[in-house]
Amino acid sequence: MSLPELSTPIRIYWDITPVPLVHADHLKIAEYIIALKILNLDIAVTGESIPDSCFTIIKKCSEARIGITLTVSAAFFTKLLAESLSTAPPKELLLEITSIEEIFSLDYTHPAVSGFSFPINENNWKQIPDLIHFVSEKGIKRLVFPMQRLYSGEHPFHLPAQGIVSISDALSSLSPAPLLQITAHDPFVWRAIFPNTPFPNGRCQAANTMLYIDPKGVVYPCPVMPVPIGDLQITTLKEIAKGVIKRELRAKLLKLPADCIGCEMAESCKGGCRGRGEIISGSWDGIDPACK
Amino acid sequence: MKRIQRNPDILWREEDDAVEEANSLLESGGAADEIGTAILFSDGTMVTLNILGTEIWKRCEGMTVDEIIAELLQEFDVEEPVLRSDVAAFLNELEEKRYIKYV
Ligand code: SF4
């Protein structure tokens with residue numbers, strides 16, 4: 001089943017840096033998010049400290065009944081930070097780690113911590129099964145494999161085909177703890193972890209259920225789709241979310257990429273990750289390289 | 001009779017444009033069952049409700065089933081037994097999903 005087409009997104013991913021290169025007005029952006037009746041705001045702080053504005057954003061958005069997921073670098077999680085968050089706690093606090101070894105020096109049992117965010121790359125993807133085994137054993141409730149950030153020209157990563165098989169095999173004997181909730185945004189990572197469960201989002205949700213805001217306030221359909229659709233220094237989030245650029249893009253994403261027509265898997269994968277396909281092929285009709 | 005309470009972890013919103021569209025269809029005698037007028041979101045899962053579901057969901061905060069039915073009878077042109085069975089089926093589904101509970 002695919003999710004329906006929405007008039008405005010329900011989820012915003014927003015990366016915040018303590019010292020932005022371009023000063024983005026965080027409080028103004030938070031007001032835009034509230035006005036758009038967003039249901040979940042995923043804030044990722046990419047830096048060594050949390051800017052003060054972040055605490056205000058969490059408080060204001062929580063008061064507006066927006067669910068907040070806050071991701072901070074595990075290396076900078078301290079008791080002091082947990083205390084600062086205690087007056088207006090986010091719904092979820094995730095610690096970002098890039099290797100399983102990082103966990104051992106962490107106070108991950110702190111009650112403020114919900115779980116881990118593990119951005120996958122070519123150096124750490126082989127740790128996915130061990131990580132899932134570990135969090136299952138320890139009773140950790142959340143594990144997120146976040147979307148790659150590509151707005152600065154990074155090269156997109158995807159699991160090699162053999163990797164999908166090896167991860168599935170390594171996990172085949174595991175029954176994940178019932179309380180563990182795993183989020184995998186990449187359809188092929190999902191397939192590796194849950195080979196028998198269809199990808200919950202159906203097709204690419206860029207600019208439909210979600211939008212992404214980079215640290216400068218530039219809006220993208222998704223962090224994996226570096227095609228700007230507006231700038232919050234110039235226009236409001238509502239104008240972007242209801243605007244013609246977004247609608248035209250969505251119309252393109254609703255069509256199967258031409259290169260996928262005739263493939264027997266297309267019905268289930270719906271073109272895979274459309275952002276990755278576009279970056280690699282330079283066209284909305286290109287195949288997601290993870291599929292090859 | 002027990003009162004209904006929403007699970008506070010369910011995030012939700014009404015879709016203003018869709019509500020307008022559904023209401024104008026109903027006013028002109030058309031069917032609006034297929035239009036999603038509210039979105040419920042929990043643990044990464046999204047559920048859409050049609051106009052009747054939305055009106056029931058909005059009342060799932062301290063009302064009894066009978067009170068909900070009495071209010072909806074004022075709003076919708078529908079026979080009471082039909083409405084009663086629709087409301088019961090919908091509330092059962094919400095309870096199974098743990099979106100509501102009876103207190
Ligand atoms: S581009 Fe589409 S498929 Fe790829 S991660 Fe973003 S929403 Fe998902």
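Bear in mind that the values in this text are calculations on the coordinates, not laboratory data. Source: prediction; values computed, not measured. Note that each Cβ is placed from the backbone with ideal geometry, even for glycine, and that neighbours are counted across all protein chains shown.
I'd like the distance separating the alpha-carbon centroids of region A:236-257 and region B:1-19, in whole Å.
Cα centroid of region A:236-257 versus Cα centroid of region B:1-19: 28 Å apart.
If you average the sequence gap of Cα pairs under 8 Å that are 6 or more apart and divide by the length of region A:174-283, what percent do you get for the contact order?
On the way: 97 pairs, mean separation 28.4, N = 110.
Taking the mean separation of contacting Cα pairs over the length of region A:174-283, I get 26 percent.
Below 14 Å, Cα to Cα, which aspartates and glutamates can A:K246 reach? Residues fewer than 8 away in the same chain don't count.
Here the aspartates and glutamates satisfying the reach criterion relative to A:K246 are A:E5, A:D231.
Quick one: give the max-minus-min coordinate of the C-alpha atoms of chain A along each principal axis, largest first, in Å.
54, 48, 31
Given the Cα-Cα distance of A:S7 and A:L180 and 0.36 nm per residue of separation, how much length would full extension add, in nm?
Working: separation 173, 0.36 × 173 = 62.28 nm, distance 3.17 nm.
This chain segment gains 59.1 nm when fully extended.
Express in % the proportion of alpha carbon pairs of region B:4-102 at distances exceeding 16 Å. Don't jump to the answer; show the numbers that get you there.
Details: 2711 of 4851 pairs.
Tail fraction, whole percent: 56.
Give the span of region A:65-172's Cα atoms along each principal axis, as three whole-Å numbers ordered largest to smallest.
So the extents along the principal axes, rounded to whole Å, are 46, 36, 28.
Between B:E34 and B:Q74, what's the calculated FRET efficiency when r is the beta-carbon distance and R0 is 30 Å? Round to 0.05.
Working: r = 24 Å, r/R0 = 0.80.
Step by step, r from the Cβ atoms, then E = 0.80.
Roughly how compact is region B:1-61, stated as its Cα Rg over 2.2 N^0.38 Å to two decimals? The partial results should precede the final answer.
Values: Rg = 12.8 Å, N = 61, 2.2 N^0.38 = 10.5 Å.
Dividing the Cα radius of gyration by 2.2 N^0.38 Å gives 1.22.
Do you know the relative contact order of chain A, to the nearest whole percent, from alpha carbon pairs under 8 angstrom that are 6+ apart?
Numbers: 503 pairs, mean separation 55.7, N = 292.
The value is 19 percent.
What's the ranking of A:143-152, B:70-79, A:184-193 by average number of surrounding C-beta atoms within 10 Å, highest first? Write down the numbers at each step before the final one.
Values: A:143-152: 19.7, B:70-79: 12.0, A:184-193: 22.2.
Put in order of decreasing packing, that is A:184-193, A:143-152, B:70-79.
Under 8 Å for C-alpha pairs, at least 6 residues apart: give me the relative contact order for region B:4-102, rounded to a whole percent. Working shown, then result.
On the way: 110 pairs, mean separation 31.8, N = 99.
Averaging sequence separation for qualifying contacts and normalising by length gives 32 percent for region B:4-102.
Using packing as a proxy for protection, rank A:60-71, A:229-240 so that the peptide with the highest average count of other Cβ atoms within 10 Å comes first.
So the peptides A:60-71, A:229-240, ranked by packing, come out A:60-71, A:229-240.
Under 10 Å, Cα contacts only: if you run a Gaussian network model on chain B, which one of B:T45, B:T37, B:T64 comes out with the highest mean-square fluctuation?
Judging by the Gaussian network model, the answer is B:T45.
To the nearest 20 debye, what is the magnitude of the charge dipole of region B:4-102 about its Cα centre, counting +1 on the Cβ of each Lys and Arg and -1 on the Cβ of each Asp and Glu? Could you put the intermediate results ahead of the total?
Working: 8 positive and 24 negative charges, 110 e Å.
With only Lys, Arg, Asp and Glu charged at Cβ, the dipole is about 520 debye.
Take the alpha carbon atoms of region A:57-127, find their center, do the same for region B:30-103, and report the distance between the two centers in whole angstrom.
Taking the Cα centre of region B:30-103 as reference, the centre of region A:57-127 is 36 Å away.
Sticking with the crude label model, points 7 Å out along Cα→Cβ, report the distance from A:E48 to A:A88 in nm, one decimal please.
My value for the distance between the label points is 2.6 nm.
B:K58: which lysines have alpha carbons under 19 Å from its alpha carbon, excluding same-chain residues fewer than 8 sequence positions away?
Within reach: A:K37, B:K2, B:K97, B:K101.
Between A:V244 and B:E27, with labels modelled 7 Å along Cα→Cβ, what's the label distance in nm to one decimal, could you check?
2.9 nm
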